[in-house]
Amino acid sequence: MFVAVQPPDDVLDHLDEFLDARRDAADFRWTLREHLHVTLAFLAQVQDRARDDLEARLERAARRRTAFAAVLAGGGAFPNVARARVLWTGVDLSDPARTEIARLATGARAAASKAGVAVDGARFTPHVTVARLRHPREATSWVRLLDSYRGPTWTVASVDLVASFLGEGPGNRPRYETVASFPLGSPP
């Protein structure tokens, strides 16, 4: 499972249109449109007995945060541009929104931990994975291309708990299912 911010359809349409014209230029494993999201917390294993507590804690964590404006813009690579395994577009945020999304991620991770669910400890970088590379490679030109991208603004007003069913999606990819949605406490 994972906790995520899921951009609305018009934002995903815009990004998909930008990427569509470029997908044939590389043999990357491009992220399926329905898999595009901003991961706040990755929860490798959630026991059934912890699920109710997790959801209650995520609901409280979300209520403490304020809705904020976000824009998908720019790009990058993990672990770095010289040996890229993942290409991503960033989430451009103003100062108050940058603080809100960081606190949202911290709150989601703390909620999971307090519910007894192990959380991936990777440093939080707000992004949407757009492609995975089969082998590490230099990706400066792709990151520059992604740096030219800027999508429409949208309001982040909720977070979702998403279940991932490995191998059940198209091409043996995961199938994602939103199992709970938690509204943020107040409008921007």
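The values are calculated or read from the model by the stated rules, or taken from the named source; none is laboratory data. It should be emphasised that the depicted structure is a prediction, and the values quoted were computed from it without experimental measurement. All Cβ positions, even for glycine, are placed from backbone atoms using ideal geometry, and neighbour counts span all protein chains on display.
Among the conditions (1) crowded, with 17+ Cβ neighbours inside 10 Å; (2) in contact with a helix residue (DSSP H, G or I) (Cβ under 8 Å, 6 or more places away or on another chain); (3) closer than 30 Å to Asp27 by Cβ; (4) not small (Gly, Ala, Ser), the only one that His127 does not satisfy is (2). Just one of the listed residues (Ala122, Ala73, Ala112) is in contact (Cβ under 8 Å) with a residue 24 or more places away in the chain, assigned to a helix (DSSP H, G or I) and closer than 23 Å to Phe42 by Cα, and it is Ala112. Can we say Thr129 is of a type in the set (S, T, N, Q) and outside any loop (DSSP other than H, G, I, E, B)? Answer is yes for this residue.
Within the range 137-154, count every residue that is out of contact with any His (no Cβ under 8 Å at 6 or more places or on another chain) and surrounded by 14 or more Cβ atoms within 10 Å (Cβ to Cβ). Total satisfying the criteria: 10.
For the range 25-55, residues that are over 18 Å from the mean Cα position of the chain (by Cα), of a type in the set (Gly, Ala, Ser) and either surrounded by 13 or more Cβ atoms within 10 Å (Cβ to Cβ) or assigned to a loop (DSSP other than H, G, I, E, B) (or both) total 2.
For the range 42-66, the set of residues classified as at pLDDT below 95 and small (Gly, Ala, Ser) consists of Ala44, Ala50, listed by residue number.
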